[in-house]
Amino acid sequence: MSNIIFSSKATAQNGRDGHVKSDDGIIDVNLVNPAGNKSGEKGSNPEQLFAAGYAACYDGALNLMASNKGKNITSETTAEVHFMKDPSDDGFKIGATLHIKIEGVSQEEAEDLAEAAHQFCPYSKATRGNIEVELKPTAI
């Protein structure tokens, strides 16, 4: 691995119907498979956890791109992660839609910033070519 700046660690037990906990205990969550949760149990799922990380990472990249271009913005990114059937192997796959609200720029500038952030964001880089990601920027 190249120059590691920091590492984070979490451990999962029993998959989608189990538990996940970070090594520092900040994340300590029961996991419930939403597709099979007939008892109404409360808990998170891998897609929700991925959505939280992606939204935070992308929004940080967006603000950096805006700052680099001299733009003073306020932003909000909602990552919607989809769990889908994969017709290529009869299994499953994920996709993502990023709903990006940007205040302080025109719609065209919002679209340019959204694409620049998508090229820079480590989550976007990790998923590029692996999952479909749709950007939905809106200037507010």
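The figures follow:
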read-out: Checklist (1) without any contact (Cβ under 8 Å) to a residue 12 or more places away in the chain; (2) surrounded by 13 or more Cβ atoms within 10 Å (Cβ to Cβ); (3) not in a strand (DSSP E or B) applied to K21, failing item; value: (3)
read-out: Helices (runs of 4 or more DSSP H) fully within the stretch 27-140 counting 1 or more residues that are in the same structural domain as D17 (by TED's automatic domain parsing), in contact with a Cys (Cβ under 8 Å, 6 or more places away or on another chain) and closer than 30 Å to D17 by Cα; value: none
read-out: Index of the failed condition, S2 passing every other in (1) surrounded by 10 or more Cβ atoms within 10 Å (Cβ to Cβ); (2) within 23 Å of P122 (Cβ to Cβ); value: (1)
read-out: Index of the failed condition, A55 passing every other in (1) farther than 16 Å from V133 by Cα; (2) surrounded by 14 or more Cβ atoms within 10 Å (Cβ to Cβ); value: (1)
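The values are calculated or read from the model by the stated rules, or taken from the named source; none is laboratory data. These numbers come from a predicted model, not from an experiment. Cβ sites come from the backbone with ideal geometry, for glycine too, and all protein chains shown count toward neighbours.
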